[in-house]
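Inspection log for the structure reproduced underneath, given as structure tokens.
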Amino acid sequence: WGTPTVCNTLSKKHADRFSKVFGQEPNEIKIKTKTLSKILDTHLPVDQNIDFITVDVESHSLEVLASNNWEKYKPLIVIVEIDEDDIDKILKSKIVAFMEAHEYKLCAWVGPSIFFALEKS
């Protein structure tokens, strides 16, 4: 039963906020997580390049990005959901610094998503 919603989270803080908005306690389930590189190792065909990937993991974007093997998997375009709505804070964020350290350039911001393009050498 419950209220139909797509409000999923691993964050107690977000779950509490959703409870206030929807007026009911969340259903709690335990899940086993995997690193991004493990998921790609398991499901990406051998020698398959990645043109585009999006990371939308409810306040855990940096953890997911850090779990990738950036030497092995280097998509051309990466879109990341970010919990900031101020461009100055976005430009100074750990996510932007992380992606720049992995040869990506911030090229767009649309709503909660920031777009990165792989810099060509």
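The values are calculated or read from the model by the stated rules, or taken from the named source; none is laboratory data. Predicted model only: the values in this text are computed from it and were never measured. When we count neighbours, we look across all protein chains shown, and the Cβ atoms used for this are built from the backbone with ideal geometry, even at glycine. Side chains are part of the model used for accessible areas, which takes the heavy atoms of the whole protein and leaves out ligands, DNA and RNA. Shrake-Rupley method; radii C 1.70, N 1.55, O 1.52, S 1.80 Å.
Carbon and sulfur together cover what percent of the accessible area of the chain at a 1.4 Å probe radius? Numbers along the way, then the final one.
Details: 4910 of 9010 Å².
Ligands and nucleic acids excluded, carbon and sulfur give 55 percent.
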* To do: Would you mind putting 77-84, 89-96 in packing order, based on average other-beta-carbon counts within 10 Å, highest first?
  => 77-84, 89-96
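As a check on your grasp of the helix formula, calculate [θ] at 222 nm for the chain: sum -39500 (n - 2.57) over DSSP H runs of n ≥ 4, divide by the residue count, round to the nearest 500. Before the final figure, lay out the partial values.
Details: 5 runs with 38 residues, N = 121.
Estimated from H runs of four or more residues: -8000 deg cm²/dmol.
Might you tell me the accessible area per residue for the chain, computed with a 1.4 Å probe and given in Å²? Provide the component values of the computation, followed by the final result.
Values: 9010 Å² over 121 residues.
Accessible surface, normalised per residue, equals 74 Å².
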* To do: For segment 1-71, state what percent of all Cα-Cα pairs lands in each successive 5 Å bin, counting from 0 Å until the bin that includes the largest distance.
  => 3, 12, 21, 19, 14, 12, 10, 6, 3, 0
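How big is D, in µm² s⁻¹, for the chain by Stokes-Einstein at 37 °C and 0.692 mPa s if Rh is the Kirkwood radius over C-alpha pairs?
Values: Rh = 16.1 Å.
The estimated diffusion coefficient comes to 203 µm²/s.
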* When DSSP assigns beta bridges and you keep just the ones with both residues in the chain, what percent turn out antiparallel, to the nearest 5? -> 75 percent
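What's the local net charge at F116, with K and R +1, D and E -1, over the other residues with C-beta under 10 Å away? Write down the numbers at each step before the final one.
Values: positive: K105; negative: E100, E103, E119.
Neighbour charge sum, excluding F116 itself: -2.
Would you tally the net charge around N68, using a Cβ to Cβ cut-off of less than 12 Å, leaving N68 out, and scoring K and R as +1, D and E as -1?
Numbers: positive: K34, K38, K72, K74; negative: D41, E63, E71.
Here the count lands on +1.
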* Asked: What lysines could a cross-link reach from K105, if we take a straight Cα to Cα line under 29 Å and drop same-chain neighbours fewer than 8 places away?
  -> K34, K38, K72, K74, K89, K92, K94, K120
* Using Cα atoms only, what is the angle between the long axis of helix 12-22 and the major principal axis of the chain, expressed in degrees (0 to 90) to the nearest 10? -> 50 degrees
* Asked: For segment 52-91, what size does the Cα cloud have along each of its three principal axes, sorted from largest down, in whole Å?
  -> 32, 18, 14
* Asked: What is the chain's relative contact order, in percent, from Cα pairs under 8 angstrom and six or more apart in sequence?
  -> 20 percent
